[in-house]
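Asker: Sending over a structure as structure tokens; questions will come in a sec.
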Amino acid sequence: MKNMQILVVGGGIGGLTSAIALCRAGHTVEVIERDPNWSVYGVGIIQQGNVIRAMTELGLIDDYIGAGFGFDRVQVYIPTGQCVADIPTPRLVDGYPSNVGIGRPALHKVLGDRAKGAGAQIRLGVTVDTLVDDGEGVSVTFSDGSTGRYDLVIGADGLYSQTRETIFPDAPKPEFTGQSVWRYNFKRTPDVVGLQAYEGPTGIGLVPLSDELMYMYVTTPEPGNPWYAKEDLASTMRSKIANIPSPAIKALVDQITQDHEVVYKPLEWILLEGPWHKGRVVLLGDAVHATTPHLGQGAGMAIEDALVLAAELARADSIEPALTAYRNRRFERCRYIVESSRAICFGQIGKGPLVDNAHATRDMFMKVAEPI
Ligand SMILES: Cc1cc2nc3c(=O)[nH]c(=O)nc-3n(C[C@H](O)[C@H](O)[C@H](O)COP(=O)(O)OP(=O)(O)OC[C@H]3O[C@@H](n4cnc5c(N)ncnc54)[C@H](O)[C@@H]3O)c2cc1C
């Protein structure tokens, strides 16, 4: 199928990569984003070889690599600061690293610029009021009173997807795991040239984002999902890692001073076991398979979804087989990421058997190296 009118609901990582892939395939794409400021919080994410391969396919690899920090090893530490595993990670694209740490704002800029450059129309501060799929197309009324008619609507609107609620009101809701994550940016220290992951009930990671910047994540058990006052976030984050003996972590604790720069997030997950589409409305990314970040693959899965969806639309003559094939190609891989990540999480907080992180990470690298 070619020359379709496509609406993408959500201007996040999955929505923007969909817009880029679909514009490149010759479709007319409109993206609506609920947030009028299109803001992204300031910490970063880790992405692996499969994302580097996907960015190459999307034609933006050099911009992407230039905006982040590439590396080829993952090191696992115990809380004393002793390195217990140093895992070389496989390169999937010649001449490019096997992992990238990248600031979320930097990634957002690369993807937003590319989506606009590819021809996507992006409207901010807009959401969907009503969706009516009559089989021939989808009529949409927007929150700003405008209307549109589309061949396909993609719900890339994240964990609490309104599109999912609309087409699958009985779908399971996101579930809190019992663990949360605290994140903070620092000036990069020279020794942090790849992911340094500390094992233990309090998991810690240091991730380079650029020559100047790195971030720390800290995962903590948070039974009952407590609420923390914004004005205490820095001192609370400090208290969560105050007892970690590693000299490298100790050297950073006192630099956590700005409450508004602490990004605190309870960790939730969802996996839709059934169909991912209804008629001409399809879901993608966190809207159908939000994972905990223990394998650093949530955004990677959303980006791969975008490529597979565009490929299946190109291959098929009609919507139904394309959307069915898309879900069939994606389900097991996304399930593996959601379930393996959750197993690490549950092991860390005593809700399941302890998972050997180094082993799980090696497995994940092998799995995501497989073609999509
Ligand atoms: C703590 C944490 C750490 C993570 N670390 C990593 C990592 O290291 N590596 C990795 O690959 N992944 C990581 N992830 C996962 C990654 O952030 C997500 O998988 C990814 O952002 C999913 O992209 P998405 O586009 O599906 O959803 P989102 O990024 O949530 O984007 C959804 C967009 O839709 C918009 N929206 C929502 N509702 C509407 C609506 N009704 N109308 C219009 N717009 C709407 C939102 O404002 C948002 O812009 C992490 C996640 C968490 C929680």
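The values are calculated or read from the model by the stated rules, or taken from the named source; none is laboratory data. Note that the structure is predicted; figures quoted are calculated from it, not measured. Reconstructed Cβ throughout: ideal geometry from the backbone, glycine too, with neighbour counts over all protein chains shown. Just the protein is used for accessible areas: all its heavy atoms, side chains included, with ligands, DNA and RNA removed. Shrake-Rupley method; radii C 1.70, N 1.55, O 1.52, S 1.80 Å.
Asker: Accessible area per residue for the chain in Å², computed with a 1.4 Å probe and the full protein assembly in place, what is it?
Answerer: 41 Å²
Asker: For the stretch 298-360, what is the Kirkwood estimate of the hydrodynamic radius, computed as the reciprocal of the mean inverse distance between distinct Cα atoms, to one decimal in Å?
Answerer: After inverting the pairwise mean of 1/r, the radius is 13.4 Å.
Asker: Tally up the carbon and sulfur contribution to the accessible surface of the chain as a whole percent, 1.4 Å probe, everything protein left in place.
Answerer: Result for the chain: 53 percent of the exposed heavy-atom area is carbon or sulfur.
Asker: Okay, which of the stretch 179-196 sit inside 12 Å, backbone N to the point 7 Å along the Cα-Cβ direction of residue 248?
Answerer: The answer is 189-196.
Asker: Can you give the alpha-carbon Rg of the stretch 1-105 over 2.2 N^0.38 Å, where N counts its residues?
Answerer: 1.34
Asker: Return the calculated 222 nm mean residue ellipticity for the chain, to the nearest 500 deg cm²/dmol, obtained by summing -39500 (n - 2.57) across DSSP H runs with n ≥ 4 and dividing by the residue count. Before the final figure, lay out the partial values.
Answerer: Numbers: 11 runs with 130 residues, N = 372.
-11000 deg cm²/dmol, from helical runs alone.
Asker: If you count only protein heavy atoms and use a 1.4 Å probe, how large is the accessible surface of residue 206, to the nearest 10 Å²?
Answerer: 0 Å²
Asker: Order of 174-180, 254-260, 28-34 by packing, highest average Cβ count within 10 Å first?
Answerer: Output ranking for 174-180, 254-260, 28-34: 28-34, 174-180, 254-260.
Asker: Within the chain, count lysine pairs with alpha carbon atoms under 16 angstrom apart where the residues are 8 or more positions apart or belong to different chains.
Answerer: On the way: 187/250; 230/240; 230/265; 240/250; 240/265.
Value for the chain: 5.
Asker: Another question, then. Please give the charge dipole size of the chain, origin at the Cα centre, charges +1 on K and R Cβ atoms and -1 on D and E Cβ atoms. Round to the nearest 20 debye.
Answerer: 400 debye
Asker: Now for a separate question. How long are the semi-axes of the ellipsoid equivalent to the chain, from square roots of 5 times the Cα gyration tensor eigenvalues, in whole Å, largest first?
Answerer: Result for the chain: semi-axes of 35, 22, 20 Å.
Asker: Identify, among 316, 282, 328, the residue whose Cα sits farthest towards the positive end of the charge dipole of the chain, taking +1 on the Cβ of Lys and Arg and -1 on the Cβ of Asp and Glu, with the dipole about the Cα centre.
Answerer: Toward the positive end, the furthest listed residue is 328.
Asker: Starting from one equal scatterer on each C-alpha and no solvent at all, send me the Debye-based log10 I(q)/I(0) for the stretch 27-158 at q = 0.17 Å⁻¹, two decimals.
Answerer: Scattering profile of the stretch 27-158, log10 relative to I(0): -0.99.
Asker: Note down the nm distance, to one decimal, between modelled labels 7 Å out along Cα→Cβ at residue 73 and at residue 35.
Answerer: Label at residue 73, label at residue 35, 3.5 nm between them.
Asker: Charges on Cβ only, +1 for Lys and Arg, -1 for Asp and Glu, centred on the Cα centroid of the stretch 9-110; of 47, 66, 20, which one is farthest towards the dipole's positive end?
Answerer: 47
Asker: Oh, and also: Report residue 332's accessible area, 1.4 Å probe, all protein chains in place, as a number in Å² to the nearest 10.
Answerer: Result for residue 332: roughly 110 Å² accessible.
Asker: Another question, if that's okay. So if each residue of separation counts as 0.36 nm, and I subtract the Cα-Cα distance between residue 141 and residue 324, what length gain in nm does that give?
Answerer: 63.3 nm
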